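As structure tokens, the structure follows; a few thoughts come after it.
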Amino acid sequence: MSRDWTKEEIQAASKAMKAAGHMSYEEVCAELDANEKIQRFAPLQRKYNWPCPRCGRWAMNSDPVRNALSRRAEIYICDQCGIEEAMEDFTGKVTPLSSWDIAKQADWPLGAAEAEDE
Ligand SMILES: [Zn+2]
């Protein structure tokens with residue numbers, strides 16, 4: 001049997017998670033939102049030339065597979081970001097998906113691409 005969490009229970013659990021060094025509930029939600037946006041965008045990388053979804057720079061090779069494959073999501077990123085992710089794995093300090101350029105900007109090229117497909 002399951003029941004929905006109350007807002008107070010979520011806040012308490014979120015606080016406990018954060019205190020224990022994990023992501024808070026809000027941060028988990030932000031990561032899921034960012035990941036969903038990244039997954040929706042990924043197939044478009046094969047159709048058009050885009051900026052790097054992680055840093056936002058126009059530094060992508062026009063052939064998607066010649067870029068770096070992210071270690072965080074199934075998407076191609078520029079070579080510089082590929083190196084940064086490798087360094088992050090080494091240091092253990094990972095940039096959250098919600099800090100990626102694609103996640104921070106509501107009007108990231110994704111909106112334009114969807115409009116173009118209609
Ligand atoms: Zn990049």
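The numbers here are math on the coordinates, done by the rules we state, and not lab data. Because the structure is a prediction, the values reported are computed rather than measured. Glycine gets a Cβ as well: all are built from the backbone with ideal geometry, and neighbour counts include every protein chain shown.
Given Gln39, Ser14, Val28, which one lies farthest toward the positive end of the charge dipole of the range 7-110, if we put +1 on the Cβ of every Lys and Arg and -1 on the Cβ of every Asp and Glu?
It is Gln39.
Read phi for every residue in the range 52-61 and hand back ³J(HN,Hα) as whole Hz from Karplus 6.51 cos²θ - 1.76 cosθ + 1.60, θ = phi - 60°, with x for Gly and Pro.
Couplings: 5, x, 7, 9, x, 7, 7, 10, 8, 6 Hz.
In the range 1-89, which chymotrypsin sites (Phe, Trp or Tyr not before Pro) fall in coil by DSSP and have 15 or fewer other Cβ atoms within 10 Å? Each step should come with its number before you reach the end.
Working: sites: Trp5, Tyr25, Phe41, Tyr48, Trp58, Tyr76; in loops: Trp5, Tyr48, Trp58.
Passing sites in the range 1-89 are Trp5, Tyr48, Trp58.
What do you get for the angle between helix 25-41 and the principal long axis of the chain? Use alpha-carbon atoms, 0 to 90 degrees, nearest ten.
20
Just name one of Ile77, Pro96, Pro64: the one whose Cα is farthest towards the positive end of the charge dipole of the range 7-110 (beta-carbon charges, Lys/Arg +1, Asp/Glu -1).
Selected residue: Pro64.
For Lys37, go through the lysines and keep the ones whose alpha-carbon is under 22 Å away, minus same-chain ones fewer than eight residues off.
Counting by Cα, and skipping residues close in sequence, Lys37 has these lysines nearby: Lys47, Lys104.
Measure nothing but the geometry: give the 0 to 90° angle between the long axis through the Cα atoms of 79-91 and the longest principal axis through the Cα atoms of the chain, rounded to 10°.
Tilt of helix 79-91: around 30 degrees.
Mind listing the long-range amide H neighbours of Cys55? Cut-off is under 5 Å, sequence gap 5 or more, other chains count too, H placed in the peptide plane at 1.01 Å from N.
Those qualifying (amide H under 5 Å, at least 5 residues apart or on another chain) are Cys78, Asp101.
Once phi is turned into θ = phi - 60°, what whole-Hz ³J(HN,Hα) does the Karplus curve with 6.51, -1.76 and 1.60 give for every residue of the range 68-78, x standing for Gly and Pro?
With the stated coefficients, the range 68-78 comes to 7, 8, 4, 8, 9, 8, 7, 7, 8, 10, 5 Hz.
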